[in-house]
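To start, the structure itself, in structure tokens.
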Amino acid sequence: MKIKSATFELSAPNLAACPRLPLPEFALIGRSNVGKSSLINLLAEKRDLAKVSDLPGKTRLMNFFTFNASWRLVDLPGYGYAHVSKQERATFNEAVAAFLTRRDTLRHTYVLIDSRLPPQGIDIDFLGWLRDERVACSLIFTKADKQSKSATHAAIDRFRKTVLNDHVPEPTIFVTSSKTKDGRADLLAHIAAQVHSDHSR
Ligand SMILES: Nc1nc2c(ncn2[C@@H]2O[C@H](COP(=O)(O)OP(=O)(O)OP(=O)(O)O)[C@@H](O)[C@H]2O)c(=O)[nH]1
Ligand SMILES: [Mg+2]
């Protein structure tokens, strides 16, 4: 799929504030600092469409980006950021949970995982929650440029054996790098297939 346009649409604190015009939507979620905003910029081939930051936890709203005027990426607040007050965390978790389970236009959820880390408790918990809520997801292993291909494959193997063994069907796995653009074409093809089908979720 060729990207002809990519624009920021709006930020929403809750389900009621999400865009009204129904377009197929694809959620990106993962630990703070995993590379969600960088991935949006990679797909859009724009430098500053989504704010990239070394300070984790900057994105606290659900951010909607419209591609080719026909589908959206939704940058969801990163989980696992310790310095957000409990009160604040509770509200954004609720909004994210509502979005993932009740947003009619949500076609698919991509969970980003840092390819350099061993399976993290918070990722395992979140994937378990998605499985229990029957939210279909794929995994995106990010920052692949930071280590060798064999190290990335070993990390994915370990993740599949220890975390994904009770996920049926097993989520599709992508590997990306916002530096080398690896994985961009595969991910766009996966999205395109769902934009053009009526019933994926
Ligand atoms: N080398 C490398 N660095 C990356 C990659 N993706 C993200 N980064 C870096 O990781 C840091 C965090 O990236 P962001 O895209 O802001 O991460 P995020 O998940 O949006 O973070 P929050 O919005 O805080 O939850 C930045 O310093 C990025 O430059 C990648 O593929 N390769
Ligand atoms: Mg971000």
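Structure summary
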quantity: Residue, surrounded by the fewest Cβ atoms within 10 Å (Cβ to Cβ), within the stretch 1-49, restricted to residues that are part of a helix (DSSP H, G or I) and without any contact (Cβ under 8 Å) to a residue 40 or more places away in the chain; calculated: ALA16
quantity: Candidate set from the stretch 9-55 (those that are among the basic types (Lys, Arg) and within 13 Å of ligand 2 (Cβ to nearest atom)); member that is modelled with the lowest pLDDT; calculated: LYS51
quantity: Hits in the stretch 77-105 (condition: at pLDDT below 85 and hydrophobic (A, V, I, L, M, F, W, C)); calculated: ALA82, VAL84, ALA90, PHE92
quantity: Extreme residue, modelled with the lowest pLDDT, among residues of the stretch 58-76 that are within 12 Å of ligand 2 (Cβ to nearest atom) and in contact with a Pro (Cβ under 8 Å, 6 or more places away or on another chain); calculated: THR59
quantity: Scan of the stretch 143-159 for residues that are surrounded by 13 or more Cβ atoms within 10 Å (Cβ to Cβ), away from ligand 1 (no atom under 16 Å from the Cβ) and modelled with pLDDT of 95 or more, ordered by number; calculated: HIS153, ALA154
quantity: Among (1) basic (Lys, Arg); (2) within 14 Å of ligand 1 (Cβ to nearest atom); (3) out of contact with any strand residue (DSSP E or B) (no Cβ under 9 Å at 6 or more places or on another chain) - the single one ARG20 does not satisfy; calculated: (2)
quantity: Extreme residue, modelled with the highest pLDDT, among residues of the stretch 160-174 that are crowded, with 17+ Cβ neighbours inside 10 Å and in a loop (DSSP other than H, G, I, E, B); calculated: PRO171
quantity: Selection count where residues are modelled with pLDDT under 95, exposed (fewer than 11 other Cβ atoms within 10 Å of the Cβ) and not polar (S, T, N, Q), scope the stretch 180-200; calculated: 2
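The values are calculated or read from the model by the stated rules, or taken from the named source; none is laboratory data. Just so we're clear, the structure is a prediction, and the values are computed from it rather than from any experiment. For neighbour counting, all protein chains shown are included, and Cβ atoms are generated from backbone atoms with ideal geometry for every residue, glycine included.
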